[in-house]
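All remarks here apply to the structure that follows.
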Amino acid sequence: MSNNNEAVLNSRGWVLDVAGCLMRTKRAGGAGGEAMPRAAELVAALYGAGHAVVVCTNASEKTPAEYAAHLRDQGIGVRDEDFATAGSAAAEYIAHHYPGARVLAAGAEGLAGPLRQLGAELAEPGQPGLADVVVVGAAAGYSTEVINAASLAVDAGAPLFTTVDVPWFHGGLGKSVCVSAAIANAVGWATGTTPQVLGKPSRALAETLLRRLDVPAGEV
């Protein structure tokens, strides 16, 4: 038996990707796609065996519950609490490492919602003072005011985080530009800063998911 097979057999915690793995799709989070053959059986079998499961996507525009509901509509029975997005993972990382910080969330509800749930104070453009932390997630659009507030905060020393830092999303049925990476790197260009990634792939995400799974790393 190979070491790889032993590692799989000894695993009690699982992180499953969505696009191109559980779903074939054109857009992040499985939107507009279809379930991969036997994907539903895999998730059901892991739950049935009592294993810890996190379904994780680099999508961040919508909340984890919205993406999880879409997968359930496709027959994949993931629980809301077991679904992580790059946005919710970013929120968990920031709440853990920057407690009490004022956070400028340049993105949609998929980023702002998890931050609020974790008790973060959200900074808004036009408010007095600069944000302590800036994080960029996906959104349908970004105002000039938000981009300017993010750039001013980073220029003054706030750390700059992004949910994703790759040019393209691929889901098995096509590709689309990673808009959060584009905006984060625009802020980085203006401020001479390199965005730090909190989604896939990153050590930050691995740290966040290990806390969620509560399983030794060697068994994930």
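Tabulated results
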{"item": "Of all residues in region 66-77 being in contact (Cβ under 8 Å) with a residue 40 or more places away in the chain and more than 14 Å from the chain's Cα centre (by Cα), the one that is most open to solvent (accessible area, probe 1.4 Å)", "result": "Gln74"}
{"item": "Hits in region 44-65 - residues which are open to solvent by 10 Å² or more (accessible area, probe 1.4 Å) and closer than 30 Å to Asp132 by Cα", "result": "Asn58, Glu61, Lys62, Thr63, Pro64, Ala65"}
{"item": "Residues satisfying the stated conditions in region 126-185, i.e. β-branched (Val, Ile, Thr), surrounded by fewer than 24 Cβ atoms within 10 Å (Cβ to Cβ) and part of a strand (DSSP E or B)", "result": "Val133, Val177"}
{"item": "Residue within region 85-100 that is farther than 26 Å from Asn185 by Cβ, open to solvent by 40 Å² or more (accessible area, probe 1.4 Å) and among the acidic types (Asp, Glu) present", "result": "no"}
{"item": "Filtered residues of region 104-114 (kept if open to solvent by less than 20 Å² (accessible area, probe 1.4 Å) and either over 19 Å from Ala86 (Cβ atoms) or out of contact with any Ser or Thr (no Cβ under 9 Å at 6 or more places or on another chain) (or both))", "result": "Leu104, Ala112"}
{"item": "Filtered residues of region 186-206 (kept if in a loop (DSSP other than H, G, I, E, B) and either crowded, with 16+ Cβ neighbours inside 10 Å or of a type in the set (Ser, Thr, Tyr) (or both))", "result": "Thr193, Thr194, Pro195, Leu198, Gly199, Lys200, Ser202"}
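Here is a yes/no grid of residues against (1) closer than 15 Å to Phe161 by Cα; (2) out of contact with any strand residue (DSSP E or B) (no Cβ under 7 Å at 6 or more places or on another chain):
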position: Lys62; (1), (2): no, yes
position: Ala68; (1), (2): no, no
position: Val78; (1), (2): no, no
position: Phe83; (1), (2): no, no
position: Ala89; (1), (2): yes, yes
position: Ile94; (1), (2): yes, no
position: Leu104; (1), (2): yes, no
position: Gln117; (1), (2): no, yes
position: Glu124; (1), (2): no, yes
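The values are calculated or read from the model by the stated rules, or taken from the named source; none is laboratory data. Since the structure is predicted, the reported quantities are computational estimates derived from the model, not experimental observations. Backbone-built Cβ (ideal geometry, glycine too); neighbour counts: all protein chains shown. The area values use the complete protein model at the heavy-atom level, side chains included, leaving out ligands, DNA and RNA. Shrake-Rupley method; radii C 1.70, N 1.55, O 1.52, S 1.80 Å.
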